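Q: Could you have a look at this structure, given as structure tokens, before my questions?
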Amino acid sequence: MNCEQIRELLDEFPLTEFSAQQLVAAEKHAGNCPECEKLLTTEKELESLLKKLPEPEASADLTAAVMTRIQQHDEKIKIVAQEPTPIQTSEWPISMVAAGIAITFCIYAYELFNGRSTTFNLYSLWTDGWQQWLFSPVQLNLVGLLIAGSFAFYLFGFFSMLRDREFSR
Amino acid sequence: MDQAPSGDNEDVRRLICAIRNGDQQAYSKVMQLYQRRVIALALMIVRDSGGAEDVAQDAFVRAYTHLDRYDEQREFYPWLATITVRLARNWLRTEARTTAREDVFVADETETNISLDSLDEIIADESGRKLWHSVASLPSGERTATLLYYRQEMKVVDIAAAMDVSSGTIKTMLFRARQKLRVALEEDKLESEN
Ligand SMILES: [Zn+2]
């Protein structure tokens, strides 16, 4: 190793990053070269001094202050965690049930008004049996379909509500 | 610089595990292990005793509240140092804004005229004060990198991550700092010879 190489190495790396071989070679050269010897000595001195760079005393208040602040932080989190979370139900299944009931009610009211209460004639269901009731021409009219539709509508809504309740647990 | 900077890695891992299981008091032990290093780092960057205290306090609080982001596979101190460096840099920026002093890590040649004498009482070790002054007089990037590398024995890559610059930049900063400190050391020797 020559003077140039040692200078380049020292510019590039601190001594602590020299490989064992580089260090040995540098020392060997420095043995015959006062310039480089001085360079290496200064570098060693500097690096050992920096290793012992003084640190300030930690004040006793620091721990106390931090512990108080983290206690406050944790308490805040606890309060948030303790608050009961409202059951998360989406609005639309409830609206569907309401809409289904409303439609059924309207149809029923319309039927009554027009003297055609046969559509929802539950009495015939009891006297004639369900097959008779279901397949009677009156039941298969448009209004019957509407009722069936709205019934499905709010059944679907009701089950969605149940499912939502399941998820929010 | 292969070995870990301190032998307390096992302790820290155990303590952090305890904290994660709800043992808040374990954190005061973590603080005991690191508070001097954190304060030294904060003071070296902000060069103001009150500011260093504030930064150190905020750094410890933030480390606690963000503990879920700490990766246990890695060393604790570089993570804590990263938080400290960022908060200290913010402090410097706010300070620069209020006192119209330019101060960021990269270009900061204008901020050398700060008086460091007020900090003498904090550095109890009289013999080391001169060196501390020399390091603290460096631009903020150089003094931060120097402290982290030589005194706190952090790896160049970790310092780069903490300071949000490339490893190459850290190497350049360390090189420049060494050049200046070498001169200071020589001058010091001449002074004591005369
Ligand atoms: Zn030579």
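Bear in mind that the values in this text are calculations on the coordinates, not laboratory data. Predicted model, so just to flag it, every value in this text is computed and none were measured. Note that we place each Cβ from the backbone using ideal geometry, even for glycine, and neighbour counts take in every protein chain shown.
Q: Restricting to lysines 8 or more places apart or on different chains, can you count the pairs in segment B:123-194 with Cα atoms under 22 Å from each other?
A: Total qualifying Lys-Lys pairs in segment B:123-194 comes to 6.
Q: With the alpha-carbon atoms as the only input, what is the per residue convex hull volume for segment B:123-194 in Å³?
A: 84
Q: If Lys and Arg each add +1 and Asp and Glu each add -1, what is the summed charge of the other residues whose beta carbon sits under 14 Å from the beta carbon of A:ARG69?
A: Spelling it out: positives minus negatives among the neighbours equals -4.
Q: Looking at chain B, identify the longest residue range that excludes and avoids all GluC sites (Glu not before Pro) in DSSP loops having at most 16 other Cβ atoms within 10 Å.
A: Here the longest segment lacking exposed loop sites spans B:1-71.
Q: Other chains near B:30-39: what is the mean number of their Cβ atoms within 10 Å of each residue's Cβ?
A: 3
Q: Contact order normalised by length for chain B, with contacts defined as Cα pairs under 8 Å and 6 or more residues apart; what percent is it?
A: 20
Q: Net charge within 14 Å of A:GLU57 by Cβ-Cβ distance, Lys/Arg positive one each and Asp/Glu negative one each, not counting A:GLU57 itself?
A: Result for the neighbourhood of A:GLU57: -4.
Q: Which semi-axes, in whole Å and largest first, does the equivalent ellipsoid of segment A:3-51 have when worked out from the alpha carbon gyration tensor as the square roots of 5 times its eigenvalues?
A: Equivalent-ellipsoid dimensions as semi-axes: 16, 12, 10 Å.
Q: Between beta-carbons, use under 15 Å as the cut-off and find the net charge around B:ASP71, counting Lys and Arg +1, Asp and Glu -1.
A: Result for the neighbourhood of B:ASP71: 0.
Q: Could you go through segment A:45-57 in sequence order and give the Karplus-derived ³J(HN,Hα) for each residue, using 6.51 cos²θ - 1.76 cosθ + 1.60 with θ = phi - 60°, rounded to whole Hz, and x for Gly and Pro?
A: So the Karplus estimates, Gly and Pro as x, are 4, 4, 5, 6, 5, 5, 4, 9, 3, x, 10, x, 6 Hz.
Q: Shifting gears a bit: Dipole size in debye (nearest 20) for segment A:8-60 around its Cα centre, Lys and Arg Cβ +1, Asp and Glu Cβ -1?
A: Approximately 200 debye in magnitude.
Q: Is it possible to state the helix-based mean residue ellipticity at 222 nm for chain B, with each DSSP H run of 4+ residues giving -39500 (n - 2.57), the sum divided by total residues, to the nearest 500 deg cm²/dmol? What is it?
A: -21500 deg cm²/dmol
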